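Single-structure report; data block below.
The values are calculated or read from the model by the stated rules, or taken from the named source; none is laboratory data. What you see is a predicted model, and the numbers here were worked out from it, not measured in a lab. Here the Cβ positions follow ideal geometry from the backbone for every residue, glycine too, while neighbour counts run over all protein chains shown.
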Amino acid sequence: MRFASLGSGSRGNGTLVSHGNTTLLVDCGFSAKEAEKRLEQVALSAKDLTAIVVTHEHADHINGVRVLARKYQLPIYATAGTAGCLTADLKDYIHEFSCHEQFEIDDIEINPFPVPHDAREPSQFVFSDGGAKVGLLTDVGMITPIIEQALSGCQALLLEANHDLTMLDNGEYPDHLKYRVGSKMGHLNNLQAGSLLKKIDTTELQHIMAMHLSEKNNHPDIVKTVFSEALECEQDWIGIADQNLGFTWRDIA
Ligand SMILES: [Zn+2]
Ligand SMILES: [Zn+2]
């Protein structure tokens, strides 16, 4: 199993998970045209995609979903709550899943789990080839026991480190946005992400990627410090998903 990112942050998200003949695009917050360009950078074409899996309906996750799905005839997987926010002309493309039930898309097994975030029915995922597990968690305001259980024992974690609390407090965001981002239905801060890493089983971990970093309220160096302390590893080992570049393919050994 391998994975890559087309970019991550409030200006657009797109994550790739691939195994055997199956390649999933998780969210497409970039315009379809931009997504096509970014797919080329990881040596893929949208024609190679099996399906689009959507975490929730915020624009930085669905901007390009409609055009891409229609242009390449890609099925869209979403919860009923998320699907209800997509345009009616996508009806024939949508496959609804429950946040509480495992499902498969061809060669990849998907374990969705619900998260606290200010969307209709947001879901995050653990992807598996039957052995290895890749856990994805972004757009989440607080950690729940369900999340801890789902992400324990993964070989790869793609984990939100949205903001540094002090930078958010002292930053230029208007008060309502500061409140939204920092709330229990908002985004995960560095320390919340770090304490999750300390709490769950990370003994099998081969890759840790910090996701959805705020460009205004965070810095990769702070994230690397917090994550490397939590995991007791070198800072160099911590990967950062860049807003513009994402990251290229990483393989699970
Ligand atoms: Zn987002
Ligand atoms: Zn969101």
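General remarks:
- Residues satisfying the stated conditions in the stretch 58-67, i.e. part of a helix (DSSP H, G or I) and either within 23 Å of Val181 (Cα to Cα) or within 16 Å of ligand 1 (Cβ to nearest atom) (or both): Ala59, Asp60, His61, Ile62, Val65
- Residues in the stretch 156-192 that are in a helix (DSSP H, G or I), loosely packed, with under 13 Cβ neighbours inside 10 Å and of a type outside the set (Phe, Trp, Tyr): Thr166, Asp169, Asn170, Asp175, His176.
- Subset of the stretch 84-93 that is in contact (Cβ under 8 Å) with a residue 24 or more places away in the chain and not in a helix (DSSP H, G or I) - its residue that is farthest from Cys28 (Cα to Cα): Gly84
- No other residue among Gly153, Gly135, Gly194 is touching a residue at least 24 places away in the same chain (Cβ under 8 Å), farther than 25 Å from Phe103 by Cβ, among the small types (Gly, Ala, Ser) and more than 15 Å from ligand 1 (Cβ to nearest atom) apart from Gly194.
- Among residues of the stretch 1-30 being within 16 Å of ligand 1 (Cβ to nearest atom) and free of Cβ contacts under 8 Å to residues at least 60 places away in the same chain, the one that is surrounded by the most Cβ atoms within 10 Å (Cβ to Cβ) is Cys28.
- Some residue of the stretch 44-57 being closer than 17 Å to His212 by Cβ and away from ligand 2 (no atom under 16 Å from the Cβ): no
- In the stretch 130-142, the condition of being part of a loop (DSSP other than H, G, I, E, B), at negative phi and among the basic types (Lys, Arg) is met by no residue.
- A Cβ distance below 9 Å, combined with a sequence gap of six or more or placement on separate chains, defines the contacts here; from the stretch 95-106, residues that are touching a residue at least 40 places away in the same chain (Cβ under 8 Å) reach residues that are surrounded by 13 or more Cβ atoms within 10 Å (Cβ to Cβ) and polar (S, T, N, Q) in the pairs Ile105/Thr22; Ile105/Thr50; Asp106/Thr22; Asp106/Thr50.
- Residues that are within 16 Å of ligand 1 (Cβ to nearest atom), under 21 Å from Leu188 (Cα atoms), assigned to a helix (DSSP H, G or I) and at pLDDT 95 or above do occur in the stretch 68-83.
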